[in-house]
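Okay, so here's the structure we're looking at.
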Amino acid sequence: MKRILLLITFLASTFGLQLKADEGMWLPHLIQSQNYEAMVRLGLKLTPEQIYDVNKSSLKDAIVRLGGGFCTGEMISKDGLMLTNHHCGYDAIQKLSSTQSNYLRDGFWAMKRSDELAAGFSVSFLQRVEDVTDRVTKGLTEKTSLTDRHKQINSESEKIANEVKDSVLHYSGVVKSFFEGNKYYLFVYQTYPDVRLVGTPPESLGKYGGDTDNWMWPRHTADFSMFRIYADANNNPAEYSAQNVPYHPKHHLPVSIKGVEKGDYAMIFGYPGSTDRYLTSYGVKFAIDVEQPSIVKLRRAKLDIYEKYQAQSDEVDLMYSSKHARVSNYWKYYIGQTKGLKRLNVYEKKKDLENQFNTWAQSDPDGTGQYKDVIKMYEDGFAIQNKFQLSRTYINEAVFGVEAIGYAASYIGLANSKKGDDLSDMINELKDETKSHFKDYYKPIDQEVFAAMMRYYSTDIDPSQQPEDFKKLVAKFKGNFDKMAAWIYNKSIMVDQAKAEAFLAKPNVKKLNKDPMYKLMMALYKNYFAAVRPGLSLATEKLEPAKRLFVKGLMEMNPNHKYASDANSTMRMTYGSVLDYYPADAVHYSHYTTMEGVLEKYVPGDHEFDLPAKFIELAKSKTYGQYADSDGKLRVCFLSNNDITGGNSGSPVINGNGELIGTAFDGNWEAMSGDIAFEDKLQRTISVDVRYTLWIIDVFAGAGHLVDEMTIVR
Ligand code: ARG
């Protein structure tokens with residue numbers, strides 16, 4: 001009996017393994033010891049050194065962090081050409097657009113380098129990673145208080161970061177916690193501030209399918225845009241200057257147009273932002289019952305207001321397009337995540353694991369007793385946290401969902417200044433902030449959002465956690481939030497560019513402290529620190545050690561399981577295969593989509609499914625050239641079983657030879673719970689097939705010179 005069982009597991013593991021997704025966002029510098037064999041088995045042809053090397057150029061040098069990690073990009077030419085998603089370039093493209101030259105609507109292609117446009121964000125390259133756990137945690141024990149622990153970790157991390165900082169060459173370091181505080185790594189980056197827009201398809205293609213298709217398969221979106229990184233004459237980082245020249249990266253990815261088949265090796269490098277895979281059942285329950293439905297409700301209310309006004313004017317539509325995309329992306333995300341968590345019984349699965357852990361912990365396997373209270377600490381910690389967490393969510397989503405409140409907060413420094421302080425730098429910064437804030441600000445929208453958000457805050461939040469001044473204001477207007485909004489938007493300088501500028505020309509702290517929006521912001525802000533934060537800190541005192549010990553204990557309990565640390569905006573690698581899936585009983589989804597599907601979805605004049613006339617013409621005549629698949633069709637998007645999350649957007653999908661085959665841009669609806677629990681059979685990454693990208697650049701946009709710049713593998 002036992003022999004049969006063993007045999008079955010053996011078969012399952014050899015055959016199953018071939019295309020089984022390996023959960024995990026792995027650290028590139030640990031690939032050799034952790035994953036390399038499995039990667040080779042799946043089809044990788046590169047050596048570990050070709051992937052990650054500190055001294056010689058390697059694949060990691062082609063991976064780009066956008067800003068602080070809002071997205072990922074990849075180098076695809078020796079002259080600094082960088083590819084990322086359309087939704088990653090979206091904000092920059094919108095800010096460069098006007099109703100006269102509307103690049104968001106019409107697309108943009110620099111036909112020569114001098115046409116490329118300053119994008120307004122910087123990019124960074126990872127130089128090296130170093131384990132600094134011993135130094136950071138030296139002398140810390142489970143007896144050390146949390147405050148002392150944080151103090152030491154923060155000050156030591158800061159010291160380490162300072163040691164590698166170089167302002168001339170734009171080097172910076174950051175120490176990050178892994179496995180819930182069980183490991184610490186230093187990451188050293190070099191940052192290039194001069195990045196320029198090179199090309200983007202029109203929004204109708206780059207965001208084809210809009211919110212309807214977002215987070216879903218089958219997908220037909222050309223979610224890509226292109227930038228170029230510039231450097232000084234010595235290839236070093238430099239602020240924007242006409243004298244700058246294209247940056248020559250240490251490595252750029254060759255682009256394969258040979259095509260992608262089911263079962264092909266696929267790996268993705270990038271900067272996943274955050275996951276919560278070690279979240280316990282307590283956290284899952286709160287997320288499902290309270291947190292996520294609240295976020296969805298607040299975001300939907302904002303979106304309804306945006307959309308009402310966006311429909312009335314092209315100018316307002318452009319102004320709020322990027323804000324709308326940001327709010328709606330995670331509005332839909334949380335709808336999907338709640339559904340997924342429920343449908344996939346994540347709560348029950350987590351509970352099982354915790355019970356297993358607790359049984360193991362009570363047996364005191366290492367004789368220290370350190371794991372015995374872990375589950376109890378979770379229980380107690382969440383009991384406290386659940387009383388305050390909604391307030392925190394509402395501060396983020398409702399209170400700071402009001403643009404004027406966020407803007408008012410930029411005046412705190414000024415309000416705290418003392419007589420005789422030199423304020424000139426501060427005032428200049430505020431003037432810049434004022435200009436960029438009001439560029440995309442429409443007062444009627446914000447006023448209505450204010451009324452809606454304050455109403456929700458007032459009704460949903462425990463009154464003992466609301467500031468007295470706010471409650472008085474609500475009483476003064478007898479709970480009429482529209483009247484309250486009208487009054488405050490009439491009186492405050494925070495909602496009117498001319499008034500704000502006049503104030504900044506003659507700043508006056510007394511006047512600032514009397515401004516009703518500023519006063520309200522301060523009341524909410526101070527109240528958060530007085531009535532909410534202490535409760536949350538109390539919970540953290542239980543939860544933080546509980547998490548650290550839970551993860552440490554899990555690894556001891558299952559020593560043969562390979563654990564990956566949660567995403568934290570550091571470079572990760574995930575490997576797997578190009579793969580289809582079965583989303584539901586009797587339903588099968590192929591691993592790729594084609595141009596035929598783009599045309600099937602076409603709805604003339606629709607705001608999500610319209611297409612440019614020239615595009616339809618080319619698609620109908622099947623003018624695909626070298627980008628067609630062997631069956632003559634043009635493939636548009638494809639699936640792989642890689643493990644990615646937000647921040648990975650724009651990441652390169654790379655084949656076994658280290659060549660670019662696609663750009664990752666989304667996950668699938670059936671596995672939206674993936675950030676909390678990875679579902680092997682369901683979780684897929686959605687990517688643009690690079691042949692569709694090149695076809696749009698070359699054939700649709702006539703920017704073949706950009707393709708000529710790349711290293712194409714035919
Ligand atoms: N869901 C995608 C992501 O977070 C963003 C796709 C943008 N498209 C959209 N319709 N909002 O990476």
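The values are calculated or read from the model by the stated rules, or taken from the named source; none is laboratory data. Please read these numbers as outputs of a predicted model, since none were measured by experiment. For neighbour counting, all protein chains shown are included, and Cβ atoms are generated from backbone atoms with ideal geometry for every residue, glycine included. Remember, those area values only see protein heavy atoms, side chains included, never the ligands or the DNA or RNA. Shrake-Rupley method; radii C 1.70, N 1.55, O 1.52, S 1.80 Å.
So the values come out like this:
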| read-out | value |
| --- | --- |
| Inter-residue pairs, beta-carbon under 7 Å, first closer than 21 Å to Tyr457 by Cα and in the range 472-501, second open to solvent by 90 Å² or more (accessible area, probe 1.4 Å), 6+ apart | Phe477/Lys483; Phe481/Arg455 |
| Number of the exception - Asp22 against (1) at pLDDT 95 or above; (2) in a loop (DSSP other than H, G, I, E, B); (3) within 23 Å of the chain's Cα centre (by Cα) | (1) |
| The one condition in (1) without any contact (Cβ under 8 Å) to a residue 60 or more places away in the chain; (2) closer than 21 Å to Thr685 by Cβ that Glu261 fails to fulfil | (1) |
| Positions within the range 683-714 being among the β-branched types (Val, Ile, Thr), over 15 Å from Met226 (Cα atoms) and touching a strand residue (DSSP E or B) at 6+ places or on another chain (Cβ under 7 Å), in sequence order | Thr685, Ile686, Thr711, Ile712, Val713 |
| Failed item, numbered, when Ser673 is tested on (1) modelled with pLDDT under 95; (2) in contact with a helix residue (DSSP H, G or I) (Cβ under 7 Å, 6 or more places away or on another chain) | (1) |
| Boolean, Gly173 is touching a residue at least 12 places away in the same chain (Cβ under 8 Å) and not in a strand (DSSP E or B) | no |
| Residue check for Tyr333: within 21 Å of Phe450 (Cβ to Cβ) and either open to solvent by less than 40 Å² (accessible area, probe 1.4 Å) or not in a helix (DSSP H, G or I) (or both) | no |
| Qualifying residue in the range 26-41 (condition: in contact with a Ser or Thr (Cβ under 6 Å, 6 or more places away or on another chain), at pLDDT 95 or above, under 30 Å from Ile229 (Cβ atoms) and surrounded by 17 or more Cβ atoms within 10 Å (Cβ to Cβ)) | no |
| Candidates Asp698, Asp708 - the one that is surrounded by fewer than 21 Cβ atoms within 10 Å (Cβ to Cβ), without any contact (Cβ under 8 Å) to a residue 24 or more places away in the chain and either within 13 Å of the ligand (Cβ to nearest atom) or more than 18 Å from Thr221 (Cβ to Cβ) (or both) | Asp708 |
| Subset of the range 590-626 that is within 16 Å of the ligand (Cβ to nearest atom), touching a residue at least 60 places away in the same chain (Cβ under 8 Å) and of a type in the set (D, E, K, R) - its residue that is least open to solvent (accessible area, probe 1.4 Å) | Glu608 |
| Cβ-Cβ under 9 Å pairs, at least 6 apart or on other chains, the range 528-552 side more than 25 Å from Phe470 (Cα to Cα) and among the polar types (S, T, N, Q), far side open to solvent by less than 10 Å² (accessible area, probe 1.4 Å) and part of a helix (DSSP H, G or I) | Thr540/Gly381 |
| Per-region count, the range 133-165, residues open to solvent by less than 30 Å² (accessible area, probe 1.4 Å) and within 26 Å of the chain's Cα centre (by Cα) | 3 |
| Subset of the range 432-472 (residues that are in a loop (DSSP other than H, G, I, E, B), open to solvent by 50 Å² or more (accessible area, probe 1.4 Å) and under 21 Å from Ser322 (Cβ atoms)) | Tyr442 |
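Conditions tested, residue by residue: (1) closer than 21 Å to Pro202 by Cα; (2) within 14 Å of the ligand (Cβ to nearest atom); (3) part of a helix (DSSP H, G or I); (4) acidic (Asp, Glu).
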position: Lys56; (1), (2), (3), (4): no, no, no, no
position: Asp61; (1), (2), (3), (4): no, no, yes, yes
position: Val64; (1), (2), (3), (4): no, no, no, no
position: Gly69; (1), (2), (3), (4): no, yes, no, no
position: Asp79; (1), (2), (3), (4): no, no, no, yes
position: Met82; (1), (2), (3), (4): yes, no, no, no
position: Asp91; (1), (2), (3), (4): yes, yes, yes, yes
position: Gln94; (1), (2), (3), (4): yes, yes, yes, no
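Conditions (1) open to solvent by 40 Å² or more (accessible area, probe 1.4 Å); (2) within 15 Å of the ligand (Cβ to nearest atom), marked per residue:
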site	(1), (2)
Ser294	no, no
Ala301	no, no
Asp304	yes, no
His324	no, yes
Lys339	yes, no
Asn345	yes, no
